[in-house]
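Q: Handing you a structure now.
The values are calculated or read from the model by the stated rules, or taken from the named source; none is laboratory data. From a predicted model like this one, the values you see are computed outputs, not experimental measurements. Methodologically, a virtual Cβ is constructed for each residue, glycine included, from the backbone with ideal geometry; neighbour enumeration extends over all protein chains shown. These area figures cover heavy atoms from the full protein model, side chains too; ligands, DNA and RNA do not enter into them. Shrake-Rupley method; radii C 1.70, N 1.55, O 1.52, S 1.80 Å.
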Amino acid sequence: MLNSRQRAQLRAMANSYETIFQIGKGGIGEAIIKHVSEALEARELIKLRVLETADETARSAADQIAEQVGADVVQVIGSRFILYKPASEKENRKIVLVK
């Protein structure tokens, strides 16, 4: 669970990040979950977008994906959201959070 200082730190970091996944009318399937999980393991912090054609809202998509991959929802703004999950091995962690 992230505290407010950690969320602020991650929001600031993700500000310059590009959206790497889009969720469309196909919804959230196993393929999306697999790719998001792999991306989080490699990057730890990712930005996603829900297209207008999707049946999901950004908040519901963020909560659903975060629950399935074990990540934290950092922020949801409009159609975009940010997820964070530290790398499973400590030596692969790139992001050091404030306490």
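Q: Please check which bits of the stretch 21-47 a label hung off E89 would reach, taking the label as a point 7 Å along Cα-to-C-beta and the cut-off as backbone N under 17 Å.
A: Within reach of a label on E89: 38-44.
Q: Towards the positive end of the charge dipole of the stretch 1-81, with charges on Cβ (+1 Lys, Arg; -1 Asp, Glu), say which of L40, S79, A12 has the farthest Cα.
A: Farthest towards the positive pole: A12.
Q: Within the chain, what whole-number % of the accessible surface is contributed by carbon and sulfur, with the 1.4 Å probe and all protein chains included in the calculation?
A: 47 percent
Q: Express in nm, to one decimal, how much length is gained between L97 and R80 on full extension, taking 0.36 nm for each residue of separation and deducting their alpha carbon distance.
A: 3.9 nm
Q: Follow-up. Work out the FRET efficiency for D63 and N3 from their Cβ-Cβ distance, taking R0 = 22 Å, and round it to the nearest 0.05.
A: 0.70
Q: Still on this structure: For mean projected area of the Cα convex hull in nm², several values are listed as [x] 10.0; [y] 6.0; [z] 12.6; flag the one computed from this structure.
A: So the structure-derived entry is [y].
Q: What does the accessible area per residue of the chain come to in Å², with a 1.4 Å probe and no ligands, DNA or RNA counted?
A: On a per-residue basis, the chain sits at 61 Å².
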